[in-house]
Amino acid sequence: MSFGPFSHAAVGSALIALVIHSANSSPLQPPATPGRITPSGSFDSLRQRADEARTGGRFEEAIELYSRAVRLRPAWIEGHWYLGTTYYEIEKYPDSRDAFRTVVRLQHTNGAAWAFKGLCEFRLNNYSVALNDLNKAHGLGIGDANLIPVARYHRAILLTRFERYEGALQAFDEFAREGNGSPMIVEAMGIAVLRLPLLPGDLPNEKRDVVLLAGRANFLAASNMRDAAQKAFDELLGRYPDTPNVHYLYGVYLLRDRPGQAVEEFTQELRVSPNDARAMLQLAQEALKRGELEAALRWATQSVRLAPRSFVGRRVFGQIKLDLNDIAGAITELETAAKLEPDSPSVRYTLARAYQRAGRAADAKRERTEFLRLERLQQEQRGGANAVGGPPK
């Protein structure tokens, strides 16, 4: 039994055992149902024998008994849950997926069940469905401290595969904050920072070295280990100066303390990759900070032309137009940004400012309210998004 890539590292195998043990050993009962009929003696007997078989490691027997029990009580959520975890234990992923499909139908807000269903879909190569399920679990919260990193890892590598790199890197940064720099995390992070739309298992051998170097440098930077990160970047740049995204990655690292050198790295990235819209956007933002509005406008225009669906690009473009007193143009760009990413607090904040300057007080008030709501939601998610979910209660 394995959780995909987590089976290839010691931390993964230990984690998986904890997850399944936690999921399979919980004594929690399903939620009370109004008007529920008291279980018959046959049901009670099946349930007790199934629990004994499961805790005793007799998984095939447990599955047979739980299956009989849920046929008697189709709404018994806990029974479907244990069917799902037991099928997963013996790597019968289609059956496990079907059991968790029933759990989320009966208990739609169970984030842990969505996570398990997503992991099953991943094992069945249904990657789009898996990502949707894991996103659902992430939004609801998972609860089980052992399951959280497994679900996060798989969600992050799927975000990378579908070229949603920023979301993937946000997930990987959580591992860095926790101090988890295992080889598989570093490798997956490297794939994301180099913007390779691949799962770790699909990474060509000839790219592994640069991926590991980039992942290590990014991990150390995210962990705020500045000296070690600088050495890692020096090695990465020394060995792979002509690899796309390497100079951009280093430029982002330099922005906080050495913005002038960061500009040089973004410029170097454009020599390697002349159509890199992100490097252009970074140059636009740095020019904006220096008050060089015409240069900022020039870079932002090129960036948005190359990446018209980048909400960050549209937001920065709108900000520049606002500073140039092109209010109507700013509103157009910022409204487009809000459509592309409705949940961005920074877009809502800047759009509120633009509406205010246009004399559209009601629209400005609406956007300020939405900004505050989204900002509060993000703070809640950072502080305790994983407080929901787990075996049925």
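The values are calculated or read from the model by the stated rules, or taken from the named source; none is laboratory data. Everything numeric in this text was worked out from a predicted model, so none of it was measured. Glycine also receives a Cβ, built like all others from the backbone with ideal geometry; neighbour counts cover every protein chain displayed. Note: areas computed on protein heavy atoms with side chains; ligands, DNA, RNA excluded. Shrake-Rupley method; radii C 1.70, N 1.55, O 1.52, S 1.80 Å.
Between the beta carbons of residue 328 and residue 209, assuming R0 = 51 Å, the FRET efficiency works out to 0.50 to the nearest 0.05. Using the Stokes-Einstein relation with a Kirkwood hydrodynamic radius computed over Cα pairs, the translational diffusion coefficient of the stretch 88-239 at 20 °C and a viscosity of 1.002 mPa s comes to 134 µm²/s. Using a simple spin-label model with pseudo-atoms 7 Å out from Cα toward Cβ, residue 68 and residue 162 lie 4.2 nm apart. For residue 275 and residue 61, the difference between the fully extended length at 0.36 nm per residue and the C-alpha to C-alpha distance is 71.1 nm. If the segment from residue 45 to residue 343 were pulled out straight at 0.36 nm per residue, it would be longer than the present Cα-Cα gap by 102.3 nm. The gain in end-to-end length when the residue 239 to residue 256 segment is fully stretched comes to 3.7 nm, 0.36 nm per residue minus the alpha carbon separation. Relative contact order, whole percent, for the chain stands at 14, derived from Cα pairs under 8 Å and 6 or more residues apart.
Counting only residues at least eight positions apart within a chain, or on another chain, there are no lysines with an alpha carbon under 16 Å from that of residue 365.
With respect to the chain, whose longest principal axis is taken over its alpha-carbon atoms, helix 208-222 is tilted by about 80°. The stretch 308-347 has equivalent-ellipsoid semi-axes of 16, 9, 8 Å, by the square roots of 5 times the alpha carbon gyration tensor eigenvalues, sorted largest first.
The fraction of accessible area contributed by carbon and sulfur in the chain is 51 percent, rounded to a whole number (1.4 Å probe; ligands and nucleic acids excluded).
Can you list the equivalent-ellipsoid semi-axes of the stretch 225-373, largest first and in whole Å, using the square root of 5 times each Cα gyration tensor eigenvalue?
Output for the stretch 225-373: semi-axes of 32, 16, 13 Å.
For the pair residue 298 and residue 109, a Förster radius of 35 Å applied to the C-beta separation gives a FRET efficiency near 0.10, rounded to the nearest 0.05.
Under the rule of -39500 (n - 2.57) per DSSP H run of 4 or more residues, summed and divided by the residues of the chain, what mean residue ellipticity at 222 nm is obtained, to the nearest 500 deg cm²/dmol?
-23000 deg cm²/dmol
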